[in-house]
Amino acid sequence: MPLKFVFKTSFATTTVKRFVLLELRSEGISGWGECVAEEGPFYGPESTGTAEHVLGEFLIPLVLRRNLDAPQEFPALAEKIRGNRMAKAAVETALFDLFARAKGESLSRAIGGTRDAVDVGVSLGLAPTVEATVENVRKHVAQGYKRIKLKIEPGADVDRLAAVRAEFPSITLTVDANAAYTLADSAHLETLDAFRLDYIEQPLSHEDLVDHAVLAKRLATPLCLDESIRSAADAEAALELGACRIINIKQGRVGGIPEARRIHDVARAANVPVWCGGMLETGIGRATNLALAALPGFTLPGDTSASARYFADDITEPFVLAADGTMAVPDGPGIGVTPLHDRLQDTTVRIETFTL
Ligand code: OSB
Ligand code: MG
């Protein structure tokens, strides 16, 4: 699916979204799971290809023709398979959708959501110039997003932030470096304190906690971790070390909804706010994310922006931003949306069917 914009981060440039969409069928009902792995292993270690392999060879056979009583039984089945969290999450979210649909219950309700709408922000990729950055911020502030997040990298940070802050002194502003800096950049990162950011997301290595804790002591701006938090155990360690004061939760990155919920619970017990991240999902993954973001600890605006920001035509009915900067949490059965038949036909490159 072509993106409406070039999404440049410190790790990759994305113009077309290619991904694995999983449909699990049981007793006449379909459950849908979008695998958030990207084409290349640059955000995390998984890619579309590794996900296809692990799904086909190892994960799908675990659930094929097996009677499960609840989606919560899946993690124990998949326990022997290390890592590959995005592939696991695709199966698990499809199972959650399937079971919630079978009960006629919304996914959000099934997992303990307490909100019917969530605050929404937007994640803006690196623009070629300072002026293009400001223009992009202008456009999305006008659309009503509650928080603007700018991708940054060394050489494309202070100049952009200074220009954005000059025009928008009071918007809620954050940055995401996707691991582009090192501790050697500490003094430089300290200068970002001047821009009154709500947080700096993942400035240092994708697997690091200790250096983040060292950096955190030098900055007034809170750190938020994304890549480094793969599990509730990581979240506990991060908070214990003082590596972050905010957590970005993505169900795909952490292996599914129960682990996302555990991270939410760990953070909540420590009074640490969380927000729901995104991976440029289509309506399927977006619906799953919205159900998760309805949990009570998700108190900061997330990255679940409107479908129209990403795609001219989504594969589901589009998600829209309300005038008050919120997005409705789907309340229909399961994730509340299904792929539109024609859109699925138009976008599908290859279909693989698994039966016993
Ligand atoms: O770091 O949050 C990130 C997209 C792909 C991979 C990693 C990230 C992102 C985003 C975009 O920031 C979030 C979205 O709009 O879905
Ligand atoms: Mg991030």
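Details
- When residues in the stretch 134-148 are screened for being under 12 Å from ASP176 (Cβ atoms) and out of contact with any Pro (no Cβ under 9 Å at 6 or more places or on another chain), 1 of them pass.
- Within the stretch 149-164, restricting attention to residues that are open to solvent by less than 20 Å² (accessible area, probe 1.4 Å) and away from ligand 1 (no atom under 12 Å from the Cβ), the residue that is farthest from ASP226 (Cα to Cα) is VAL164.
- Put simply, of THR338, THR299 the only residue that is over 25 Å from LYS88 (Cα atoms) and either free of Cβ contacts under 8 Å to residues at least 60 places away in the same chain or open to solvent by 40 Å² or more (accessible area, probe 1.4 Å) (or both) is THR299.
- Within the stretch 12-26, residues that are under 10 Å from PRO2 (Cβ atoms) reach no partner that is in a loop (DSSP other than H, G, I, E, B) and among the small types (Gly, Ala, Ser) with beta carbons closer than 8 Å at six or more positions or on different chains.
Conditions tested, residue by residue: (1) under 22 Å from the mean Cα position of the chain (by Cα); (2) outside the structural domain of ILE284 (by TED's automatic domain parsing).
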| position | (1), (2) |
| --- | --- |
| GLU92 | yes, yes |
| ASP97 | yes, yes |
| ALA100 | yes, yes |
| ALA117 | yes, no |
| GLY121 | yes, no |
| ALA132 | no, no |
| LEU150 | yes, no |
| ASP157 | no, no |
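- Matching residues in the stretch 204-232 - criterion: being away from ligand 2 (no atom under 13 Å from the Cβ) and touching a Cys at 6+ places or on another chain (Cβ under 8 Å): HIS212, ALA216, PRO222
- Residue in the stretch 217-246 that is nearest to VAL36 (Cα to Cα), counting only those that are hydrophobic (A, V, I, L, M, F, W, C) and touching a Pro at 6+ places or on another chain (Cβ under 8 Å): ILE246
- The stretch 262-281, residues that are in contact with a strand residue (DSSP E or B) (Cβ under 6 Å, 6 or more places away or on another chain), in a loop (DSSP other than H, G, I, E, B) and away from ligand 2 (no atom under 15 Å from the Cβ): PRO273
- Counting only strands (runs of 3 or more DSSP E) that sit wholly inside the stretch 4-51, those with at least 2 residues that are surrounded by 15 or more Cβ atoms within 10 Å (Cβ to Cβ) are 21-26, 29-34.
- Hey, LEU223 more than 25 Å from ALA293 (Cα to Cα), within 15 Å of ligand 1 (Cβ to nearest atom) and in contact with a helix residue (DSSP H, G or I) (Cβ under 6 Å, 6 or more places away or on another chain) or not: no
- Among (1) aliphatic (A, V, I, L, M); (2) in contact with an Asp or Glu (Cβ under 9 Å, 6 or more places away or on another chain); (3) surrounded by fewer than 15 Cβ atoms within 10 Å (Cβ to Cβ) - the single one ALA76 does not satisfy: (2)
- The stretch 282-296 - residue that is open to solvent by less than 10 Å² (accessible area, probe 1.4 Å) and not in a helix (DSSP H, G or I) and, of those, nearest to VAL349 (Cα to Cα): THR282
The values are calculated or read from the model by the stated rules, or taken from the named source; none is laboratory data. Keep in mind the model is a prediction, meaning the values are calculated, not measured. Methodologically, a virtual Cβ is constructed for each residue, glycine included, from the backbone with ideal geometry; neighbour enumeration extends over all protein chains shown. What goes into the accessible areas is simple: the full protein's heavy atoms, side chains included, and nothing from ligands, DNA or RNA. Shrake-Rupley method; radii C 1.70, N 1.55, O 1.52, S 1.80 Å.
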